[in-house]
1. Which condition breaks for ASP202 when tested against (1) open to solvent by 20 Å² or more (accessible area, probe 1.4 Å); (2) closer than 30 Å to THR92 by Cβ?
2. Filter region 31-49 down to the residues that are open to solvent by less than 60 Å² (accessible area, probe 1.4 Å), in contact with a Lys or Arg (Cβ under 8 Å, 6 or more places away or on another chain), under 17 Å from LEU17 (Cα atoms) and not basic (Lys, Arg) and list them by number.
3. Checking ALA168 against (1) surrounded by fewer than 21 Cβ atoms within 10 Å (Cβ to Cβ); (2) over 16 Å from SER375 (Cα atoms); (3) at pLDDT below 95; (4) not β-branched (Val, Ile, Thr), only one condition comes out false. Which one?
4. Quick check on region 292-324: of everything there that is modelled with pLDDT of 85 or more and acidic (Asp, Glu), which residue is farthest from the chain's Cα centre (by Cα)?
5. Restricting to region 266-286, and then to whatever is within 20 Å of the chain's Cα centre (by Cα) and open to solvent by 90 Å² or more (accessible area, probe 1.4 Å), can you tell me which residue is modelled with the lowest pLDDT?
6. Check region 81-104 and report whether any residue there is modelled with pLDDT under 85 and under 30 Å from TYR209 (Cα atoms).
7. Is it fair to say HIS263 is touching a Leu at 6+ places or on another chain (Cβ under 8 Å), under 21 Å from LEU169 (Cα atoms), surrounded by 14 or more Cβ atoms within 10 Å (Cβ to Cβ) and modelled with pLDDT under 95?
8. Counting just the residues of region 83-112 that are open to solvent by 60 Å² or more (accessible area, probe 1.4 Å) and under 24 Å from ARG181 (Cβ atoms), which one comes out nearest to the chain's Cα centre (by Cα)?
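The values are calculated or read from the model by the stated rules, or taken from the named source; none is laboratory data. What you see is a predicted model; the values in this text were computed from it and never measured. Cβ: placed from backbone, ideal geometry, glycine included. Neighbour counts: every protein chain shown. The area values use the complete protein model at the heavy-atom level, side chains included, leaving out ligands, DNA and RNA. Shrake-Rupley method; radii C 1.70, N 1.55, O 1.52, S 1.80 Å.
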Amino acid sequence: MLLAQTQSLCPVCLRLLDADYRLEGDTVYLCKSCPEHGEFRVPAWKESEGATTFAQWRKGSRIPAYPARPATAVNKGCPFDCGLCPEHVQHTCTGLIEVTMRCSLGCPVCYARAGAASEDPSLGEISRQLDVLSRASGPCNVQLSGGEPTERDDLPDIIRMAKERGFALVQVNTNGLRLGREDGYAEKLRAAGLDSVYLQFDGVTDAVYRVLRGRDCLELKQAAVDACKNAGLGVVLVCTLVRGVNDGQTGDLLRYAVSQGGHVRGLHFQPVSSFGRFPWEMRDAPRITLPELMLDLERQSRGLVKAAHFHAPSCEHPLCSFSAVYGRKDDDTLGDPLGAACCSGGTSLAGETPRVVDNAEGSRVSRAFTAAHWSS
């Protein structure tokens, strides 16, 4: 059954193709055909009882709103022009600045080719990037990423440069190894103005890290969480989720996050998607669709969260993510859902009619939520 039409890319030659969302059995597939490389289809959604249907979730559409100060020109057209161009309808919530490609891990699932030989950008170049971001997007949030940002000994200087430009929240995306290993390091970053740590945290057993990160590192991850708590840094735990590796630990991760106390501000799951560069055949690790993850969280958490609590986003494409906000109780449980999270922009609970907003408003809501809730 044809549900919707869109566009996509050939995964081999990157040609722009017409594509369809089709329902076959209980699975919605994204289907496309390249005249040179043939047919492709991947599961995009599972029509599972207890989670919203594909059609309902797509209601979370937004009204286009274009950037007031584009940073790049239109050349080949979307999706080949990268950046904030005049046709870009997504406004900036969090700007990403890559400060190094060096890394202390060699993760088989890395999408950034971290560890590749290259020179770090100079402080002057990073300063120029921050200025460009500020002109194009105003006082948005900034995430310093890479590679592994803590490989740079001058990371505190970069944090100070970002704070001096008035960005609402400055966050570091890190594997946490240096934070867990080096006494006083978290305090140095906090003193420089760091607000939040986006901490790679894939599971509660070292077996998960051996597969996804190539080594045991759970002890250092826990030490990093403790160091951030002592330094007054907010922590968002970020799990790369792979079927057959750690998809059975979503409930354990949620309970762990709640048990750590108020400095752990959130738990993000990122189901792995294979785009050309991956360590296994796609058929051996089929993707985890969002409704499957919603229902897994409900089942594995034993009702601590429910699929019906989750919201579609309003700041990004409605099929890209889901979220919910909860109050933390003193007994290491969660209270009733409080509403929409960072990218939801105030949309209603799943199954109800979402509030349709324009992308500019969605971005404002998202960046304000992120700045307020991801800090300690």
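1. All conditions are met except number (1).
2. CYS31, CYS34, PHE40, VAL42
3. ALA168 satisfies every listed condition except (2).
4. So the residue we want is GLU298.
5. Filtering first and then ranking leaves ARG277.
6. no
7. On the way: touching a Leu at 6+ places or on another chain (Cβ under 8 Å): yes; under 21 Å from LEU169 (Cα atoms): yes; surrounded by 14 or more Cβ atoms within 10 Å (Cβ to Cβ): yes; modelled with pLDDT under 95: yes.
Against the criterion (touching a Leu at 6+ places or on another chain (Cβ under 8 Å), under 21 Å from LEU169 (Cα atoms), surrounded by 14 or more Cβ atoms within 10 Å (Cβ to Cβ) and modelled with pLDDT under 95), HIS263 qualifies.
8. Looking at residues that are open to solvent by 60 Å² or more (accessible area, probe 1.4 Å) and under 24 Å from ARG181 (Cβ atoms), I get GLU98.
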